[in-house]
1. Considering every residue within the range 27-36, establish whether at least one is surrounded by 10 or more Cβ atoms within 10 Å (Cβ to Cβ), under 13 Å from the mean Cα position of the chain (by Cα) and either modelled with pLDDT under 85 or part of a loop (DSSP other than H, G, I, E, B) (or both).
2. So residue 54 fits all but one of (1) surrounded by 12 or more Cβ atoms within 10 Å (Cβ to Cβ); (2) in a helix (DSSP H, G or I); (3) within 19 Å of the chain's Cα centre (by Cα); what number is the exception?
3. Looking at the range 16-26, which of its residues are part of a helix (DSSP H, G or I), of a type outside the set (Val, Ile, Thr) and surrounded by 11 or more Cβ atoms within 10 Å (Cβ to Cβ)?
Amino acid sequence: MTTNASECFNGVLKRARGLPIQALVCATHYHTIGLFLKRQENAIGYESEAVSPYVPRVRVMLRKHTS
């Protein structure tokens with residue numbers, strides 16, 4: 001799990017490697033904010049669908065464990 005997270009973060013930094021430190025920090029910050037906003041939009045979409053109070057991944061897990 002640690003390797004996976006570090007590889008993802010490394011992928012973010014790959015495009016910004018040649019930048020100065022301040023630009024590197026800004027690029028990382030804005031990328032992280034973008035991810036949070038994308039997840040927030042997904043959560044709002046799931047909420048508005050009102051199929052279930054759970055996100056799809058949790059619904060799949062619940063189906064596996066109740067079957």
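1. So far as the range 27-36 goes, no, none of its residues is surrounded by 10 or more Cβ atoms within 10 Å (Cβ to Cβ), under 13 Å from the mean Cα position of the chain (by Cα) and either modelled with pLDDT under 85 or part of a loop (DSSP other than H, G, I, E, B) (or both).
2. Of the numbered conditions (1) surrounded by 12 or more Cβ atoms within 10 Å (Cβ to Cβ); (2) in a helix (DSSP H, G or I); (3) within 19 Å of the chain's Cα centre (by Cα), the odd one out for residue 54 is (2).
3. The answer is 23, 24, 26.
The values are calculated or read from the model by the stated rules, or taken from the named source; none is laboratory data. Everything quoted here is computed from the prediction, not taken from an experiment. Reconstructed Cβ throughout: ideal geometry from the backbone, glycine too, with neighbour counts over all protein chains shown.
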